[in-house]
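Engineer: Below is a structure I'd like to ask you about.
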Amino acid sequence: MFVNKIHAYTKCGSFLFRFQRCKAFSTQSILFTKLEDEHSDNEHEQYADDLPKPLYQEHISTSLLQKALLTVGSSVLCITDPYRHDMIAVLSETTGYAPAKKIRDKMLKDAEGSAILREKPRINSSTLDYKFLASLPPGTLGHAYIAFLKDNDVTPDSRRPVHFMDDTDLAYVIQRYREVHDLNHTLLGMPTNMLGEVTVKWIEALQTGLPMCVAAALLGPVRLRKKQREKYLKYYLPWAINCGSQAHFLMNLYFEKRWEQNLVDLRNELNIPDFSVES
C-alpha cells in the first residue's frame, strides 16, 4: 500500500514537472483542474488572480505538502533509477533550501562571490564564446574547458533549470552550482566516469553541504568495480577529502573571468592539492 502511494506521489511530481513551462496554470491550478472546470469563467479568473505569481521565469509555486510529495517521489525514483536526472534535480531543490542559503551567505562574504550573485552570469551555449575559448593557449582554463566538453561529448545546455526554489537568489545559487559542475571537473582534472564523478561529488558535498551531493558521495562508490574501489579508497577519496576541506570555496570562483588564466596557477591559487595515482 505504501509503495503504491509513493508511486502516486511520484506521478504527481512528474506531472508537475512536465508542465513546468505552462504559464497559463500554476501548480495549484494543475492539481485542481477538475474542480476549476465546474466553476464559471468569472470564478476561474478570480481564483487564478489569487494564485502566487512566479518569482522567476521557470518558477513553479508549490505548497509544503506538494514539496513533501515531490521529495518522497523523487527520492524513490533516484534510488531505483540513478540516471533519472530530472528527479535528481527535483530532489536537490526540495531538500536544498538550507544549504543553498549557507552557500549564498559564504558567497556574499567574498568579493568574487558577491560579484557572481550581483551579476548572475549564466553558462550555456548562448553565453559562451566557443571560438574564443578554443583559441586560448593550451594550459589555460578556457582551453581545458572546451577540450573537456569535446572529449566527453557534453554540452553546458544539459543543466536543467531550477523550478521549486521559492527564493530568487537561492534559485540562482542552485542553478549556478549545476552550471559550474563541468567546470569543477575541468578544474580538478577529474574524468566523467563513476570514479571521477564520485570524487567531484565528495568535494562538492564537503564544500556545499547539498544533500544530493552528500548522497552521491556516500552511495556512488557502491557502483564501483573492485579495481576502481581499490583506487578510490587508496588515492581518490583521501585526496577528495583533503581538497574539499582545504581548497578555497569553489562557488566563489568567477570562472568566466578566469578563462585566460593558467590552470596550474589557478589550482595553486585555490589551494587545490596535486593529484596522482601510482600505476
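Engineer: Part of a helix (DSSP H, G or I), hydrophobic (A, V, I, L, M, F, W, C) and without any contact (Cβ under 8 Å) to a residue 60 or more places away in the chain - does that describe any residue in segment 185-196? Explain how you work it out, then say what you get.
Structural biologist: Here is the first cut: in segment 185-196, the ones part of a helix (DSSP H, G or I) are 185-188, 194-196.
If we keep only those that are hydrophobic (A, V, I, L, M, F, W, C) as well, we get 187-188, 194-195.
Next, only the ones that are without any contact (Cβ under 8 Å) to a residue 60 or more places away in the chain stay: 194-195.
For segment 185-196, residues part of a helix (DSSP H, G or I), hydrophobic (A, V, I, L, M, F, W, C) and without any contact (Cβ under 8 Å) to a residue 60 or more places away in the chain: present.
Engineer: Name the residues in segment 116-134 that are of a type in the set (Lys, Arg) and either in a helix (DSSP H, G or I) or farther than 18 Å from residue 105 by Cα (or both), would you?
Structural biologist: Step one: filter segment 116-134 for residues of a type in the set (Lys, Arg), giving 118, 120, 122, 131.
Those that are of a type in the set (Lys, Arg) and either in a helix (DSSP H, G or I) or farther than 18 Å from residue 105 by Cα (or both): 118, 122, 131.
Engineer: Condition first: surrounded by 19 or more Cβ atoms within 10 Å (Cβ to Cβ) and either farther than 18 Å from residue 187 by Cβ or in contact with a Lys or Arg (Cβ under 6 Å, 6 or more places away or on another chain) (or both). Can you find one or more residues in segment 119-138 that meet it?
Structural biologist: The initial filter retains those residues of segment 119-138 that are surrounded by 19 or more Cβ atoms within 10 Å (Cβ to Cβ), namely 123, 128, 133.
Going one step further and asking which of them are either farther than 18 Å from residue 187 by Cβ or in contact with a Lys or Arg (Cβ under 6 Å, 6 or more places away or on another chain) (or both), we end up with none.
No - not one qualifying residue is present in segment 119-138.
Engineer: Going by the conditions given, is residue 192 exposed (fewer than 15 other Cβ atoms within 10 Å of the Cβ) and modelled with pLDDT under 95?
Structural biologist: Numbers: exposed (fewer than 15 other Cβ atoms within 10 Å of the Cβ): no; modelled with pLDDT under 95: yes.
So residue 192 does not fit the description; no.
Engineer: Okay, next question. Which of (1) buried (at least 19 other Cβ atoms within 10 Å of the Cβ); (2) out of contact with any helix residue (DSSP H, G or I) (no Cβ under 9 Å at 6 or more places or on another chain) does residue 168 not meet, given it meets every other one?
Structural biologist: Unmet for residue 168, out of (1) buried (at least 19 other Cβ atoms within 10 Å of the Cβ); (2) out of contact with any helix residue (DSSP H, G or I) (no Cβ under 9 Å at 6 or more places or on another chain): (1).
Engineer: From the list 267, 225, pick out the single residue that is buried (at least 16 other Cβ atoms within 10 Å of the Cβ) and basic (Lys, Arg). I'd like the intermediate steps shown before the answer.
Structural biologist: Values: 225 fails: buried (at least 16 other Cβ atoms within 10 Å of the Cβ).
Only one candidate passes the filter, namely 267.
Engineer: Picking from 169, 157, 151, which residue would you name as being within 29 Å of residue 222 (Cβ to Cβ) and either over 18 Å from the mean Cα position of the chain (by Cα) or not basic (Lys, Arg) (or both)? Break it down stepwise before answering.
Structural biologist: Numbers: 169 fails: within 29 Å of residue 222 (Cβ to Cβ); 157 fails: within 29 Å of residue 222 (Cβ to Cβ).
One residue alone meets the criteria, 151.
Engineer: When you go through (1) surrounded by fewer than 18 Cβ atoms within 10 Å (Cβ to Cβ); (2) out of contact with any strand residue (DSSP E or B) (no Cβ under 9 Å at 6 or more places or on another chain) one by one for residue 159, which number turns out not to apply?
Structural biologist: (1)
Engineer: Evaluate segment 246-263: report whether one residue or more is in a helix (DSSP H, G or I), out of contact with any Phe, Trp or Tyr (no Cβ under 9 Å at 6 or more places or on another chain) and either among the hydroxyl-bearing types (Ser, Thr, Tyr) or over 24 Å from residue 132 (Cα atoms) (or both). Give the steps one after another, and end with the answer.
Structural biologist: The initial filter retains those residues of segment 246-263 that are in a helix (DSSP H, G or I), namely 246, 250-252, 255-257, 263.
From the residues that got through so far, the ones that are out of contact with any Phe, Trp or Tyr (no Cβ under 9 Å at 6 or more places or on another chain) too are 246, 250, 252, 256-257, 263.
Right, trim to either among the hydroxyl-bearing types (Ser, Thr, Tyr) or over 24 Å from residue 132 (Cα atoms) (or both) and you get 246.
Scanning segment 246-263 turns up at least one residue that is in a helix (DSSP H, G or I), out of contact with any Phe, Trp or Tyr (no Cβ under 9 Å at 6 or more places or on another chain) and either among the hydroxyl-bearing types (Ser, Thr, Tyr) or over 24 Å from residue 132 (Cα atoms) (or both).
Engineer: Report every pair of residues separated by at least 6 positions or lying on different chains whose Cβ atoms are under 7 Å apart, first residue within segment 206-227 and over 24 Å from residue 94 (Cβ atoms), second charged (D, E, K, R) and in a helix (DSSP H, G or I).
Structural biologist: Between residues of segment 206-227 that are over 24 Å from residue 94 (Cβ atoms) and residues that are charged (D, E, K, R) and in a helix (DSSP H, G or I), the close pairs are 221/229.
Engineer: Can I ask one more? Quick one: count up the residues across segment 97-113 that are assigned to a helix (DSSP H, G or I), within 18 Å of residue 269 (Cα to Cα) and in contact with a helix residue (DSSP H, G or I) (Cβ under 7 Å, 6 or more places away or on another chain). Walk me through it before giving the result.
Structural biologist: Filtering segment 97-113 for residues assigned to a helix (DSSP H, G or I) gives 97-108, 111-113.
Imposing the further condition that a residue be within 18 Å of residue 269 (Cα to Cα) reduces the set to 107, 111-113.
With the extra rule that they be in contact with a helix residue (DSSP H, G or I) (Cβ under 7 Å, 6 or more places away or on another chain), the set shrinks to 107, 112-113.
Summing the residues that are assigned to a helix (DSSP H, G or I), within 18 Å of residue 269 (Cα to Cα) and in contact with a helix residue (DSSP H, G or I) (Cβ under 7 Å, 6 or more places away or on another chain) in segment 97-113 gives 3.
Engineer: When you go through 135, 126, 114 one by one, which is the residue that is closer than 15 Å to residue 251 by Cβ, without any contact (Cβ under 8 Å) to a residue 12 or more places away in the chain and hydroxyl-bearing (Ser, Thr, Tyr)? Before the answer, list the steps.
Structural biologist: Numbers: 135 fails: closer than 15 Å to residue 251 by Cβ; 126 fails: closer than 15 Å to residue 251 by Cβ.
Result: 114 is the single residue among 135, 126, 114 that is closer than 15 Å to residue 251 by Cβ, without any contact (Cβ under 8 Å) to a residue 12 or more places away in the chain and hydroxyl-bearing (Ser, Thr, Tyr).
Engineer: How about segment 106-139: which of its residues are closer than 17 Å to residue 180 by Cβ, among the small types (Gly, Ala, Ser) and in contact with a Leu (Cβ under 7 Å, 6 or more places away or on another chain)?
Structural biologist: The answer is 114, and nothing else.
Engineer: Sort out which residues of segment 147-171 are in a helix (DSSP H, G or I) and free of Cβ contacts under 8 Å to residues at least 60 places away in the same chain, and write them in order of number.
Structural biologist: The initial filter retains those residues of segment 147-171 that are in a helix (DSSP H, G or I), namely 147-151, 156-158, 168-171.
Answer for segment 147-171, where residues must be in a helix (DSSP H, G or I) and free of Cβ contacts under 8 Å to residues at least 60 places away in the same chain: 147, 148, 149, 150, 151, 156, 157, 158.
Engineer: Since residue 95 meets every condition but one in (1) more than 18 Å from residue 210 (Cβ to Cβ); (2) at pLDDT below 95, which condition does it not meet?
Structural biologist: Going through (1) more than 18 Å from residue 210 (Cβ to Cβ); (2) at pLDDT below 95 one by one, residue 95 breaks only (1).
Engineer: Could you go through segment 243-255 and let me know if any residue there is farther than 14 Å from residue 190 by Cα and touching a Gly at 6+ places or on another chain (Cβ under 6 Å).
Structural biologist: Yes: one or more hits.
Engineer: Residues of segment 208-220 being surrounded by fewer than 21 Cβ atoms within 10 Å (Cβ to Cβ) and either out of contact with any helix residue (DSSP H, G or I) (no Cβ under 6 Å at 6 or more places or on another chain) or closer than 20 Å to residue 186 by Cβ (or both), which ones?
Structural biologist: The initial filter retains those residues of segment 208-220 that are surrounded by fewer than 21 Cβ atoms within 10 Å (Cβ to Cβ), namely 209, 211, 214-215, 218-220.
Matches in segment 208-220: 211, 215, 218, 219, 220.
The values are calculated or read from the model by the stated rules, or taken from the named source; none is laboratory data. Everything numeric in this text was worked out from a predicted model, so none of it was measured. Don't worry about glycine lacking a Cβ; one is built from the backbone with ideal geometry, like all the others, and counts go over all protein chains shown.
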